[in-house]
Amino acid sequence: MNNIRLDISKAENFLPAGTLTAYVDKAKTALNAIETGKCPGNDFLGWITLPTDTTSQLLDDIKATAKVYREMCEYIVVVGIGGSYLGSRAVIEAMSDNFKWLKKDSKTPVVLFAGNNIGEDYLAELQELLKGKKFGVINISKSGTTTEPALAFRLLRKQCEDQRGKEEAKKVIVSITDAHKGAARAMATKEGYKTYVIPDNVGGRFSVLTPVGLLPIACAGLDIDQLIAGARDMQEATSGKVKAENNLSLQYAALRNVLYQEQGKKIEILANYQPKLHFIAEWWKQLFGESEGKDHKGIFPASVDLTTDLHSMGQWIQDGERSIMETVISVEHADHEVLFPHDDENLDGLNFLEGKRVDEVNKMAELGTQLAHVDGGVPNVRIVVPQISEYYIGQLIYFFEKACGISGNILGVNAFNQPGVEAYKKNMFALLNKPGYEAESKAIQERLRK
Ligand code: PA5
């Protein structure tokens, strides 16, 4: 099996000679630091060996649970936010038929997501959709105290119990949470729900290869053995034992840091040419944004879907402030074949494309865009993925996670915490008069009065 590949040639030539080498050396030191646990946040490094630590017993157990869900449910609602949601959504959307949710196939449950917003209409419309339907809930929260999923779970658990009866509902409610603490654990114990543990040493955004991602992905009918197999191969390919010039994660981490620190490239745009990869970019943004955006430092991770966004963001990328770099996920082989059709009248003048595969046109759009962006002063990195499959997505996930760990360490931040996320929660609870927040409530009311 091939590995995904990294092409940095169209970014390297933006750098004065020798600068990348210096950052490769920093990346080697950073890789060693995270692999030996000598780095900030070293109590959250469990993700590094997660692929090889994942046992076949755990995978079999998850597959058995998924089978129950698939047999008993028309809809499976995955409740979670941030790292407790984006990974599974990214893999499921990447691997699914673009129109699967519109196809009437009663044998395949539809996987839906909730608890990732506080939109009243979203929840109302979801409840309406699920009315009278056979649905199950996977409740995912490491802390077990996050407001968004807690709210959605309250609503959906009650609806599931009302529609199925309490005992039957227990068969299709699973909690994935901390081994011991938090409300989700306490409720699961009280109600007798099946549970899976999020390991203490794996943070939310690094948890897609734990049951957090694996159970929803298996529920969608996808091959979690292959996902883990891909991640395992990438774990080996990006280990400190591999020569730096062959280590994809190390090279990518070094490159984005040198572009940021020496060339003022403060924004990295992740681009794809396959609409299915939209949520891979959403997952990637959280991974890098929440890991690196600290101490007033960090590349801002943005994303575009191409060629779609060439007709919206294309102008900015080509011609706006030169503070961006671009990383393209380039998929080598499309799964289907569609040929450009002939048209007798040829009013659009496109008959010269007749008989060509649509994917060939897409690839030429990709190459043409790369050349244009490089000419416009945007360093371009290509991550070549042979095809969209569980195996290669497993590789891609691990590749980015390892690069993120190395990159954050080069930057000098703790890549594994997220203290900034608490700020909005504190204000929201104060505004909602949560018991225990009296002083904050008073201060915020005074501030708003001014
Ligand atoms: O990466 C993280 O740790 C966060 O994005 C969390 O995943 C997110 O805040 C959800 O937290 P929890 O799983 O505790 O509900």
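The values are calculated or read from the model by the stated rules, or taken from the named source; none is laboratory data. Only a predicted model underlies this, so the values are computations on that prediction, with no experimental measurement involved. Here the Cβ positions follow ideal geometry from the backbone for every residue, glycine too, while neighbour counts run over all protein chains shown. Side chains included, ligands, DNA and RNA excluded: accessible areas come from the protein's heavy atoms. Shrake-Rupley method; radii C 1.70, N 1.55, O 1.52, S 1.80 Å.
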| request: Tell me the chymotrypsin sites (Phe, Trp or Tyr not before Pro) within segment 1-100 that lie in a loop according to DSSP and have at most 13 other beta-carbon atoms within 10 Å. | output: F99
| note | Per GNM of the chain with C-alpha springs under 10 angstrom, the most fluctuating residue out of L227, L123, L50 is L123
| remark: Expected unfolding gain across E446-H296 under the 0.36 nm per residue rule, minus the alpha-carbon gap, is 51.2 nm
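Helices from the chain with mean Kyte-Doolittle at least -1.0 and a Cα length along the axis of 27 Å or more, per DSSP H: which?
Length and hydropathy pass: 390-411.
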| note | Within the under-14-Å Cβ sphere about E148, not counting E148, Lys/Arg +1 and Asp/Glu -1 give a net charge of +2
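How big is the charge dipole of segment 256-372 about its Cα centre, in debye rounded to the nearest 20, if each Lys and Arg gets +1 on its Cβ and each Asp and Glu gets -1 on its Cβ? Don't jump to the answer; show the numbers that get you there.
Details: 11 positive and 22 negative charges, 154 e Å.
With only Lys, Arg, Asp and Glu charged at Cβ, the dipole is about 740 debye.
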| remark: Between the residues P435, G420, L448, the Cα farthest towards the positive end of the dipole of segment 411-450, that dipole coming from +1 and -1 charges on the beta-carbon of Lys, Arg, Asp and Glu, is from L448
| Full extension from T308 to E360: what is 0.36 nm times the residue separation minus their Cα-Cα distance, to one decimal in nm? | 17.1 nm
| query | Considering amide H positions built from the backbone, and no H for Pro or chain starts, which residues 5 or more places from A302, or on another chain, come under 5 Å of its amide H? | reply | E268, I269, L270
| request: Please work out how much accessible surface L102 shows to a 1.4 Å probe, ignoring ligands, DNA and RNA, in Å² rounded to 10. | output: 110 Å²
| In the chain, with Lys and Arg counted as +1 and Asp and Glu as -1 at Cβ, which of these residues, Y392, I410, Q127, has the Cα nearest the positive end of the dipole, that is, farthest along it? | Q127
| query | Mind listing the Cα extents of segment 8-66 along all three principal axes, in Å, largest one first? | reply | 55, 30, 15
| task | Please calculate the 1.4 Å probe accessible area of S312, with all protein chains present, and give it to the nearest 10 Å². | result | 70 Å²
| request: With only Lys, Arg, Asp and Glu charged, each at its Cβ (+1 for the first two, -1 for the last two), find how big the charge dipole of the chain is about the Cα centre; round to the nearest 20 debye. | output: 1940 debye
| In a solvent-free Debye calculation with one equal scatterer on each Cα, what is log10 I(q)/I(0) for the chain at q = 0.09 Å⁻¹, listed in the order of the q values? | -0.64
| message | On a full-extension model of 0.36 nm per residue, what is the gain between A183 and T108, subtracting their alpha-carbon distance, rounded to one decimal in nm? | response | 23.9 nm
| said: Give me the dipole magnitude in Debye, nearest 20, for segment 42-115 about the Cα centre, with unit charges on the beta carbon: positive for Lys and Arg, negative for Asp and Glu. | reply: 380 debye
| If you add up the charges near Q226, with Lys and Arg at +1 and Asp and Glu at -1, over every other residue whose beta carbon is less than 11 angstrom from its beta carbon, what do you get? | -3
| message | I want to verify a result. In a Gaussian network model of the chain, Cα cutoff 10 Å, which of these has the top mean-square fluctuation: D343, D375, D200? | response | D343
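In the P(r) worked out for segment 67-136, what percent of Cα pairs fall beyond 19 Å?
Percentage above 19 Å: 38.
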| Descending Cα extents along the principal axes, segment 135-287, whole Å | 59, 33, 31
